[in-house]
1. Going from most exposed to least, what order do 76, 131 have by accessible area with a 1.4 Å probe?
2. Is the stretch 52-120 rounded, prolate or oblate when judged by the Cα gyration tensor, a ≥ b ≥ c being the square roots of its eigenvalues, rounded requiring a/c under 1.5 and prolate requiring a/b larger than b/c?
3. List every residue whose amide H lies under 5 Å from the amide H of residue 58, counting only residues 5 or more places away in sequence or on a different chain, with H placed 1.01 Å from N in the peptide plane.
4. Which FRET efficiency value, to the nearest 0.05, do you get for residue 60 and residue 140 by plugging their Cβ-Cβ distance into 1/(1 + (r/R0)^6) with R0 = 41 Å?
Amino acid sequence: MAVLDTSRTKKPFIIDRDTNTFVGLEMPLHTGGAEGNFKCTQTTLDAVKTNIRSLLQTELGERLFQPAIGIRLRQFLFEPFTDEVQNSIKESITKTFGLWLPFVSILELDVDMIKYDDDEGKNTLKVNIKFSVSNSSNAVDSVSINFQT
C-alpha cells in the first residue's frame, strides 16, 4: 500500500526539513543584534526570494568583478511608460533570470508604473513576479519590488 508523504507539501525540499541547516543569507545584512551580522534563511523558497530581490535591485555593472550581473530597471523610471517599454522591461527580466536564476520559473510577471502628480513628481516602477522553483511545482511564491525616483 502506498503511503502519502505529507511532509513534502509543507517543505518540499530535503534541505528545508533540517532545522539546523541554513540555505542562504538574508538581505540586507544586519549590524549586530540577537541574530548577529549574518541572519540566514532557513528554507529554499526564502533563499530564492532573497536572490530574486537582490538580482532585481542590482544595477547592471554595479558588482565588482561581475559586471554582467544585474538589470537596468532604474533607467525605465524616466521613460514614458508605453507598451513597448513594458515589454522591454519584461523581456529584460526574463532574460536576466534565464542567465542568473535558471532554476526559477516565472509564472506571472506584472510591470506597472505609478506616476504621482504632486509637486515632487515621483514615479514608481512596480514589479510583481509570481514564480516557482523548477524542481518543485508546489513551491510557488511571489516577490514585489518598487523602484522610485
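The values are calculated or read from the model by the stated rules, or taken from the named source; none is laboratory data. These figures come from a predicted structure and were not determined experimentally. Here the Cβ positions follow ideal geometry from the backbone for every residue, glycine too, while neighbour counts run over all protein chains shown. Just the protein is used for accessible areas: all its heavy atoms, side chains included, with ligands, DNA and RNA removed. Shrake-Rupley method; radii C 1.70, N 1.55, O 1.52, S 1.80 Å.
1. Details: 76 20, 131 0 Å².
Highest to lowest solvent-accessible surface, that is 76, 131.
2. On the way: a/c = 2.31, a/b = 1.45, b/c = 1.59.
Here the stretch 52-120 falls in the oblate category.
3. 71
4. Numbers: r = 28 Å, r/R0 = 0.68.
Approximately 0.90, to the nearest 0.05.
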